[in-house]
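Engineer: Dropping the structure in here first, questions after.
Every number in this text was worked out from the coordinates using simple rules, so none of it is lab data. Keep in mind it's a predicted model, so treat the numbers as computed, not measured. Note: ideal-geometry Cβ built from the backbone for every residue, glycine included; neighbour counts use all protein chains shown.
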């Protein structure tokens, strides 16, 4: 990160005349309604200082360092950048156009797949999400060959050519309805496949040279076996997609066979039913939040109170865009979070406080990824990912007015805003629309 | 399949030897006797059996009212009785004695949300293959299918749309795999044993049409027409030529073999069925507008219309509504140019703007979709007041569904389709507190029993839980 920031700063210095980006100077944002992102409630008249790409301080009574560029944010809101806990951003430009879609593949490989080299920082969904205040995202591959999808990444959404915050941040596996399908048609087959593959990875770890991934009996080729070694040892988190209460307990129990597994649950629509067990297992959850329909038989108990109930039970819950259609629509994070707050006024429902709701789309996903010390909040030492909003960020009428990533101010225009400007009046002027740019 | 079933139908009719002339079309929703002649259409063969549930005369006062036609009343009073809006006005509005009075301080009242584009019932939850009933993708031209014959009234989505979205009326459409997808149906959002029990009495049918990627992809993949956008238009035009011939014969009272699809298209040509056209791109909408003039029909609304903002003037000049998402974009090529300002730009140009869902989750948050559009518009200087923006969810869709004389605004004598919101409905933090349909209280956040639990959910985990 430091290296990256330094490179960026150097690049900014070289390109200072031409670049629209401010370099990573010391900036003080003052007078804001300030939310830290750690679960605490917003405070009035807050100040954030960022310097050398990091947060120096945030709160009330924070002194503005001499020489800092001061930005008056009176009447505005300031938060850490939004972190999408589950997305496919950077892996597709237009999901329905297969040439642009790198989310999954028909391939002999599975666990060894690494999304990091494919993340395209110039993809328009990245610029559009950045304009909506999203600064980081968890990028999840989808399965194409069996239950393991490969290794996901955490990225930043900065306007530069280096999007990777953490490559190979986790391995992803399907173990619910989709896992059953990927394993040939049943959950027992998925469990057996999972266990046998992890045992093959253990075999590989013991004697890599003698592991024969080419034999007819081998479930894993050499590279996939190698990729699962850090999963078995717990060096790499394993994100498991399950939805039903039964499947959640089933995958938590996998640690009886593989005690070192460092689990993250994705989905967990019925998590509220087994929230105490998830909490006891100290496993973080990345949930969709707004699922309230029995859209499948593994989501019969779906309710929007799922997240609130799990948080109340002590489960660390982040929110993400689990629905495949929404995986590039990262701006929806604030809507998810705002709706969790709405539940507090619905009798019988369990929502989140405003601060908890913001946490679920900032520090909670960062912590689930093991990056809580680096990103996701405005605590001192964290990355300088800061957004100034023209109103309450969880309200749909609000939008960012300025975004920083690693202390570097970002452009918040994109092809959508260009189209907006071109068609502010639909009729042609003295030349065709194509000349208005 | 299509041609074969038509042929079989024709043979069967010939065999009966019945050749009586067409019966006059009757009033909607009056069951008609079976047709006697080969070209006689039974009018309204699947009539609505919907009856409003009993309501209690109710007054809400001290409430902010958006009336759905652009009006706003602060500290307002609305009085519902006999299933209708009985009176509405400011704080001095007379309140009858001895009836339930709710104090709405800090709350808002709107007409029930109307979703012009839903697939609830035809693509119900759970979305298993056995429930996939929204697209008859065996031919690109299926005007003979009726969405109502696919509607599963036990779809849990109806109840979510009511409780979380305040949706009281919705149009359920066939999908967009076909050029002519079939007839839509308009439903009251009141759970019933049968589709007929939900059917909006007297509402006109819609004809679902689709341009663009979907039909050409579906049929191109089958190696048949249409596989291109020009193929889409050609098949459309060939079909309209046949439909016009059928319609002329029918209007002249000439005998002809009944054809379900042609009956629908003839009604569309005569303006009795409203054309609801799925279309994304500006250039394609312009082509469809010209096609409608070529064959003498009217497009009532373009649905999705992510590029409506590029031709907002054309839409205004042709009196065509655009039913749009707040900010959904980019998931396929023809949605690539979607922008958050689409709705306010269409509105500002003087065209009819509607916010729609096309989604079982989105339908629960149409108010928030409208808020996105409202905020995006204001940021570019299009300052639309809240109460005007509510027309996107109320009178505008009602007009485009042909039911504006009955619902879609809080006017005296209209159906008491009403939502009491626990705050400003453009706020993410606001939810419906009470929802009335035809004056019957069918959702009450404070009463766990005043919440629908479908047959599907009954006895399952989570049944009756707050959703």
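Engineer: Taking all pairs of different Cα atoms in the range B:392-467, averaging 1/r and flipping that mean, what Kirkwood radius in angstroms comes out? Working shown, then result.
Structural biologist: On the way: mean 1/r = 0.0699 Å⁻¹.
One decimal place: 14.3 Å for the Kirkwood radius.
Engineer: Quick one: helix A:332-342 against the long Cα principal axis of chain A, what's the angle to the nearest 10°, folded into 0 to 90?
Structural biologist: Long axis of A:332-342 versus the principal axis of chain A: about 90 degrees.
Engineer: Per residue, what volume in Å³ does the convex hull of the Cα atoms of the range A:288-437 enclose?
Structural biologist: Cα convex hull per residue, to the nearest whole number: 168 Å³.
Engineer: What number, in percent, do you get for the relative contact order of chain A if the mean sequence gap of Cα pairs under 8 Å and at least 6 apart is divided by its residue count?
Structural biologist: 19 percent
Engineer: For B:331, B:456, B:180, B:302, what's the fewest-to-most ordering of other Cβ within 10 Å of each Cβ?
Structural biologist: Final ranking by Cβ density, sparse to dense: B:456, B:331, B:180, B:302.
Engineer: Show me, bin by bin at 10 Å from 0, the whole-percent P(r) of the range B:113-405 based on Cα pairs.
Structural biologist: Values per bin, smallest distances first: 7, 30, 37, 22, 4, 0.
Engineer: Quick one: P(r) of the protein assembly as shown from all Cα-Cα pairs, 20 Å bins, percents rounded to integers, in order of increasing distance.
Structural biologist: Bin by bin from 0 Å, the calculated values are 14, 44, 34, 8, 0.
Engineer: Mind telling me which of A:75, A:320, A:37 comes out most flexible in a GNM of chain A, alpha-carbon contacts under 10 Å?
Structural biologist: A:75
Engineer: Most exposed first by the Cβ proxy, i.e. fewest other Cβ within 10 Å, how do A:269, A:425 rank? Walk me through the numbers before you get to the answer.
Structural biologist: Numbers: A:269 30, A:425 13.
Least crowded to most crowded, the residues run A:425, A:269.
Engineer: Mean projection of the alpha-carbon convex hull of chain A over all orientations, in nm²?
Structural biologist: Numbers: hull surface 95.3 nm².
The orientation-averaged projected area of the Cα hull of chain A comes to 23.8 nm².
Engineer: So, one more: Would you kindly compute the Cα radius of gyration of the range A:377-437 and its largest Cα-Cα separation (Dmax), both in Å?
Structural biologist: 16.8, 54
Engineer: Highest GNM mean-square fluctuation, chain A, Cα pairs closer than 10 Å: which of A:379, A:195, A:76?
Structural biologist: A:195
Engineer: Could I ask something else about it? Going by C-beta contacts inside 10 Å, put B:51, B:216, B:411 in order with the fewest on the left.
Structural biologist: With the sparsest Cβ surroundings first, the list reads B:51, B:411, B:216.
Engineer: Once you have the Kirkwood Rh of the range A:196-288 from its Cα pairs, apply Stokes-Einstein at 20 °C and 1.002 mPa s and quote D in µm²/s.
Structural biologist: After rounding, the answer is 151 µm²/s.
Engineer: Starting from the Kirkwood Rh over alpha-carbon pairs, what translational D in µm² s⁻¹ does the range A:37-190 have by Stokes-Einstein at 25 °C and 0.890 mPa s?
Structural biologist: Translational diffusion coefficient: 136 µm²/s.
Engineer: Once the Cα atoms of helix B:229-251 and of chain B are each reduced to a long axis, what angle between those two axes, in degrees from 0 to 90 to the nearest 10, is obtained?
Structural biologist: 80 degrees
Engineer: Give me the angle, in degrees from 0 to 90, between the Cα long axis of helix A:187-206 and the longest principal axis of the Cα atoms of chain A, rounded to the nearest 10.
Structural biologist: Once rounded, one gets 90 degrees.
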